[in-house]
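Q: Can you read through this structure? Questions will come right after.
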Amino acid sequence: MIRQRGVALITAMLIMALITTLTFSLEWDNSLDLRRTYVSMYREEAIQAALGAESWVLTILRQDAEDSSTDHLGEIWASELPVLPLGGPGDSIQGEIYGEIEDLQGRFNINNLVDAKGEVDQSALEQFQRLLIALGLDPRFAGIAADWVDADENAGFPDGAEDAIYTGFAPPYRSPNQIISSTSELAALDGMDKATLDVLLPHIAALPGRTSVNVNTASGPVLQSLDADMTLADVEGLLSQRGESGFTDIQNTFSALVKPEVLNQLAETSDYFRLKVIVRVDTVRVTFYSVLERSAQGDVTPILRSLGAT
Ligand SMILES: [Ca+2]
Ligand SMILES: [Ca+2]
């Protein structure tokens, strides 16, 4: 009898313990659910705020096209957007939004590596090699990137990589053999590593079709890539000459520094910009990117939006 009662007691204690664990676990799940709901709500609010900033930026770029005939770093769009608080003093949710606009034509356009027929453009290939060297990176990546976007399946020589290489990787993949819409694709290039990509990415863009370089906004290494004989002193001279308001006469300034076929591809205006917005709502942070295309008539349209890490 005593023995049986003992068993009953132990069973009761076990059931109690189980119920307690179950309750605790339910409460934990509930609080996780609640947290998940808040996070997805805040994330949605952050994206809406970023879209609001984007439409504001469209009007800035539209207005810029009306007000000026060139694009340079002294213009309103080039200044960092002010940090704006989200939510008033009494609101329980606090956050802020800030961002910047960058001229993508101040960068080397990866899609310039091929012509309209999808064949490698030798002069762009050499320019990309010079950019890699100016950045202290391996110039072999120029030929490997050219193979990535060129239409054929013949690996370039001496530097190249086509599907014969990529299909041997684990997991295997194929090169697109066409122009790309995101420079992050270059992470897949044969031999590419994060350290190289981190140095390269701020100086390259992937724009729809071939574009000219806006020398008013180009980085030092991009200016240096314009000619094999361009020295660091030349680049420093150019940067100090252009100051914040850009070059007054690019033909005159560059004709002695670059070859005539490169001179033809230089510009002092831009059609492509990238907006980066960082929004914080409570503990949720969202980084929003939008590539903006401005037409000859001054209309501005978002052509590629993405969310990324800060
Ligand atoms: Ca302008
Ligand atoms: Ca190819």
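The values are calculated or read from the model by the stated rules, or taken from the named source; none is laboratory data. What you see is a predicted model, and the numbers here were worked out from it, not measured in a lab. In this analysis, Cβ positions are derived from the backbone assuming ideal geometry, glycine residues included, and neighbour counts consider all displayed protein chains. Just the protein is used for accessible areas: all its heavy atoms, side chains included, with ligands, DNA and RNA removed. Shrake-Rupley method; radii C 1.70, N 1.55, O 1.52, S 1.80 Å.
Residues checked against (1) assigned to a loop (DSSP other than H, G, I, E, B); (2) open to solvent by 60 Å² or more (accessible area, probe 1.4 Å):
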{"site": "160", "(1), (2)": "yes, no"}
{"site": "164", "(1), (2)": "no, yes"}
{"site": "184", "(1), (2)": "no, yes"}
{"site": "201", "(1), (2)": "no, no"}
{"site": "216", "(1), (2)": "yes, no"}
{"site": "258", "(1), (2)": "yes, no"}
{"site": "262", "(1), (2)": "no, no"}
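Q: Here is a further query. For the stretch 146-157, name all the residues that are open to solvent by less than 20 Å² (accessible area, probe 1.4 Å) and in contact with a helix residue (DSSP H, G or I) (Cβ under 6 Å, 6 or more places away or on another chain).
A: 146, 149
Q: Further, regarding this structure: Which ones in the stretch 151-172 are over 15 Å from residue 188 (Cβ atoms) and within 25 Å of the chain's Cα centre (by Cα)?
A: Residue satisfying the conditions is 151 alone.
Q: Please tell me if residue 46 is under 20 Å from the mean Cα position of the chain (by Cα) and surrounded by 17 or more Cβ atoms within 10 Å (Cβ to Cβ).
A: So residue 46 fits the description; yes.
Q: Among the candidates 248, 211, which residue alone is out of contact with any strand residue (DSSP E or B) (no Cβ under 7 Å at 6 or more places or on another chain), β-branched (Val, Ile, Thr) and in a loop (DSSP other than H, G, I, E, B)?
A: Sole residue among the options that is out of contact with any strand residue (DSSP E or B) (no Cβ under 7 Å at 6 or more places or on another chain), β-branched (Val, Ile, Thr) and in a loop (DSSP other than H, G, I, E, B): 248.
Q: Between a residue in the stretch 52-72 that is on the phi < 0 side of the Ramachandran plot and any residue that is open to solvent by 40 Å² or more (accessible area, probe 1.4 Å), which pairs come within a Cβ distance under 6 Å, given they are 6 or more apart or on different chains?
A: Going by the 6 Å Cβ cut-off, the qualifying pairs are 70/268; 70/269; 71/269; 72/245.
Rundown of residues vs (1) open to solvent by 60 Å² or more (accessible area, probe 1.4 Å); (2) assigned by TED's automatic domain parsing to the domain that holds residue 277; (3) not aliphatic (A, V, I, L, M), yes/no style:
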position	(1), (2), (3)
4	yes, no, yes
11	yes, no, yes
31	no, no, yes
52	no, yes, yes
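Q: Restricting the search to the stretch 86-98, which residues are over 22 Å from the mean Cα position of the chain (by Cα) and either touching a residue at least 12 places away in the same chain (Cβ under 8 Å) or at positive phi (or both)?
A: 86, 87, 93, 94, 95
Q: Is it fair to say residue 124 is surrounded by 14 or more Cβ atoms within 10 Å (Cβ to Cβ) and without any contact (Cβ under 8 Å) to a residue 12 or more places away in the chain?
A: Spelling it out, it is not the case that residue 124 is surrounded by 14 or more Cβ atoms within 10 Å (Cβ to Cβ) and without any contact (Cβ under 8 Å) to a residue 12 or more places away in the chain.
Q: May I pose another question? Under 9 Å by Cβ, and 6 or more places apart or on different chains, what pairs join a residue from the stretch 99-114 that is farther than 15 Å from residue 61 by Cβ and open to solvent by 10 Å² or more (accessible area, probe 1.4 Å) with one that is among the basic types (Lys, Arg) and not in a strand (DSSP E or B)?
A: Here the result reads 112/210, each pair linking the stretch 99-114 to a residue that is among the basic types (Lys, Arg) and not in a strand (DSSP E or B).
Q: From the list 127, 105, which residue is within 16 Å of ligand 1 (Cβ to nearest atom) and part of a helix (DSSP H, G or I)?
A: 105 is the lone residue from the list that is within 16 Å of ligand 1 (Cβ to nearest atom) and part of a helix (DSSP H, G or I).
Q: Let me ask you something else. Quick one: in the stretch 63-102, of everything that is among the charged types (D, E, K, R) and closer than 19 Å to residue 289 by Cβ, which residue is farthest from ligand 2 (Cβ to nearest atom)?
A: 96
Q: In the stretch 55-64, which residues are in contact with a strand residue (DSSP E or B) (Cβ under 6 Å, 6 or more places away or on another chain) and over 14 Å from residue 217 (Cβ atoms)?
A: Scanning the stretch 55-64 gives 57, 58, 62.
Q: In the stretch 229-243, is there at least one residue being open to solvent by less than 70 Å² (accessible area, probe 1.4 Å), within 16 Å of ligand 2 (Cβ to nearest atom) and not in a loop (DSSP other than H, G, I, E, B)?
A: Scanning the stretch 229-243, I find no residue that is open to solvent by less than 70 Å² (accessible area, probe 1.4 Å), within 16 Å of ligand 2 (Cβ to nearest atom) and not in a loop (DSSP other than H, G, I, E, B), so the answer is no.
Q: Something else: Could you say which residue among 137, 84 is open to solvent by 10 Å² or more (accessible area, probe 1.4 Å), more than 27 Å from residue 208 (Cβ to Cβ) and among the aliphatic types (A, V, I, L, M)?
A: None of the others qualify; the one that does is 84.
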